Amino acid sequence: MSRESPPSGPITAENAAALMEPLTELVRQAGLALLGVDRRAMSTGSKVDGSPVTEADHAADRIIADGLARLAPGIGTVSEECTPRAKPPRNGSFFLIDPLDGTREFVAGRDEFTVNLALVTNGTPQLGIIGAPALGMIWRGLAGHGAERLVSSGVGMGAEPIHTRRFPHSGQSFVAAVSRSHADPRTQAFIDGRPGAVRQVMGSSLKFARLAEGALDIYPRLAPTHEWDIAAGCALVTAAGGRITDEKGADLQFGKSANDFIVPAFIAWGDPLVEWI
């Protein structure tokens with residue numbers, strides 16, 4: 001499945017804020033579509049890179065595509081499902097989407113899968129929404145305007161502000177998020193070289209969400225990943241008070257690389273003042 005729309009000019013923070021509620025509802029609806037798929041009977045295939053893709057990926061992608069066409073027809077979109085045709089550089093503002101992050105977790109019957117939607121402006125994730133439909137939770141943030149967590153209840157979704165936490169003092173233990181399905185030697189060595197690490201294993205972009213709400217201290221991944229896997233999380237963590245860098249401490253740029261939206265490595269810091277580069 002391929003989908004791409006043309007790039008647009010930059011979106012202001014005011015306009016991005018006005019889009020937050022309808023975009024949140026779009027993520028919620030995509031999440032409901034995922035929950036409606038029978039995972040025991042669904043069709044599953046493989047992408048060119050060998051990663052799994054399911055009918056659930058396509059169902060959520062269609063909902064988001066249709067919604068963005070109505071809500072923001074002038075803003076370009078790049079979805080994981082349109083990678084055969086989507087090519088950087090992307091200037092101005094564009095949406096960067098992963099309709100089902102954590103497909104391996106989804107196929108395995110776990111609840112650690114998410115819907116990721118980011119608005120990127122001039123190479124920087126400006127707005128990010130992460131929905132965890134099986135957990136009944138949505139995290140969202142707008143850079144410079146804070147972040148919040150929405151929890152489903154019997155009468156809707158209640159919102160509460162969230163913030164990253166200060167890094168523990170020297171000698172105290174700290175919590176590092178590690179991937180359930182994508183462990184790699186360089187990331188393991190990075191954590192091993194810093195005494196006091198308590199590893200918390202989880203799947204999908206939930207690692208960014210937990211970092212943003214102050215449950216984790218750091219999330220390193222020193223192996224390649226895709227921009228749509230992390231853009232929403234980067235915007236969320238930044239809005240919540242954290243920082244995302246490459247492995248040398250520089251800020252990441254999205255939609256600019258000639259490497260087909262590949263991020264070679266990143267480190268997500270809950271406390272932006274702590275660096276181990």
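The numbers here are math on the coordinates, done by the rules we state, and not lab data. Here the structure is a predicted model, which means the values were calculated and not measured. Here Cβ is always computed from backbone atoms with ideal geometry, including for glycine, and neighbour counts include all displayed protein chains.
If you rank THR114, THR124 by fewest surrounding Cβ atoms within 10 Å, what's the result?
Ascending Cβ contact count within 10 Å gives the list THR124, THR114.
Note down the net charge around LEU211, summing +1 for each Lys or Arg and -1 for each Asp or Glu among other residues with Cβ under 11 Å from its Cβ.
Here the charged neighbours net out to +1.
If you average the C-alpha positions of the range 117-167 and of the range 185-226 separately, how far apart do those two centres end up, in angstrom?
After rounding, the separation between the Cα centres reads 19 Å.
Dimensions of the range 13-162 along principal axes (Cα, Å, largest first)?
44, 42, 25
Indicate the gyration tensor shape class of the chain (rounded, prolate or oblate), computed on the Cα atoms with a ≥ b ≥ c the square roots of the eigenvalues: a/c under 1.5 is rounded; otherwise a/b larger than b/c is prolate and the rest oblate.
rounded
For the range 174-269, what proportion of DSSP beta bridges, expressed in % and rounded to the nearest 5, is antiparallel?
Among the beta bridges of the range 174-269, antiparallel pairing accounts for roughly 60 percent.
Would you calculate, for the chain, the mean residue ellipticity at 222 nm contributed by helices, counting each DSSP H stretch of 4 or more residues as -39,500 (n - 2.57) and dividing by all residues, to the nearest 500?
-8000 deg cm²/dmol
For a footprinting-style exposure proxy, rank THR12, THR54 by other Cβ within 10 Å, fewest first.
Lowest to highest Cβ neighbour count: THR12, THR54.
Using the membrane-span-like helix rule (whole DSSP H runs, Cα extent along the own axis of at least 30 Å, mean Kyte-Doolittle hydropathy at least 0.5), which helices of the chain qualify?
Answer set is 13-35.
Which length gain, in nm to one decimal place, applies between ASP111 and ALA223 when the Cα-Cα distance is subtracted from 0.36 nm times their residue separation?
37.9 nm
Along the charge dipole of the range 174-277, Cβ charges K/R +1 and D/E -1, which of TRP269, MET202, ALA235 sits furthest on the positive end?
Sorting the options by dipole projection puts first MET202.
Using a simple charge model, +1 on the beta-carbon of Lys and Arg, -1 on the beta-carbon of Asp and Glu, nothing else, what dipole does the chain show about its Cα centre, in debye to the nearest 20?
Dipole size: approximately 240 debye.
Given labels modelled 7 Å from the Cα in the Cβ direction, how far is it in nm from ARG39 to LEU135?
Computed distance between label sites ARG39 and LEU135 equals 1.4 nm.
Could you give the nm distance between label points at ARG199 and ASP66, where each point is 7 Å from its Cα heading toward the beta carbon?
4.3
With the chain treated as a Gaussian network of Cα nodes joined by springs under 10 Å, which of ILE138, ILE97, ILE191 yields the largest mean-square fluctuation?
In the Gaussian network model the winner is ILE191.
Of ASP61, ASP260, ASP98, which has the largest mean-square fluctuation in a 10 Å C-alpha GNM of the chain?
Taking springs between Cα atoms under 10 Å, the residue moving most is ASP260.
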